[in-house]
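Single-structure report; data block below.
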Amino acid sequence: MEKQPKLPKNIFELLNKKPLTDNESKTGDEIVCEHFNYSNRSESIIIKNFKVHIKSGQKKALVGTSGCGRSTTIQLVEHFYDVNAGRLLIDSKDIRSLNLQWYRSQ
């Protein structure tokens, strides 16, 4: 008889884990990226000193060559990753302080 894996216990631990970020903000006016940096490894910086200010209803495009960080920037705005330096503000609030479930449902 094979030994049962511990996977279900790990899944429940993961599902019950409380996120590090939590805030009840319900407004949405702007996105501000203030000179943020992101690197997935200590030796390679993917995004360096990026800055943009997007007001509610305003449209901006990220353009560039393959591997320049367009997708990573969007993933940072979606809060799949945290910035290594600088700040990413949503409605004048650091993205790290927002309730992740609420934020992504907007």
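The set of residues in segment 55-68 being assigned to a loop (DSSP other than H, G, I, E, B) and either within 23 Å of Ser105 (Cα to Cα) or modelled with pLDDT of 85 or more (or both) consists of Ser56, Gly57, Gln58, Lys59, Lys60, Ala61, Leu62, Val63, Gly64, Thr65, Ser66. Specify the residue that is nearest to Tyr38 (Cα to Cα); the eligible residues are those in segment 74-106 that are at pLDDT below 85, part of a helix (DSSP H, G or I) and among the hydroxyl-bearing types (Ser, Thr, Tyr). Taking the candidates together, the pick is Tyr103. Note on segment 78-88: residues that are among the aliphatic types (A, V, I, L, M) and surrounded by fewer than 17 Cβ atoms within 10 Å (Cβ to Cβ) total 1.
Can you confirm whether Lys3 is at pLDDT below 85, loosely packed, with under 10 Cβ neighbours inside 10 Å and either of a type in the set (D, E, K, R) or touching a strand residue (DSSP E or B) at 6+ places or on another chain (Cβ under 7 Å) (or both)?
For Lys3, the condition - at pLDDT below 85, loosely packed, with under 10 Cβ neighbours inside 10 Å and either of a type in the set (D, E, K, R) or touching a strand residue (DSSP E or B) at 6+ places or on another chain (Cβ under 7 Å) (or both) - is met.
The single condition among (1) outside any strand (DSSP E or B); (2) modelled with pLDDT under 85; (3) surrounded by 10 or more Cβ atoms within 10 Å (Cβ to Cβ); (4) out of contact with any Asp or Glu (no Cβ under 7 Å at 6 or more places or on another chain) that Ser71 does not satisfy is (2).
The values are calculated or read from the model by the stated rules, or taken from the named source; none is laboratory data. Computed from a prediction, not measured in an experiment: that's the story for all the values here. Using ideal geometry, Cβ is built from the backbone for each residue, glycine included, and neighbour counts are taken over all protein chains shown.
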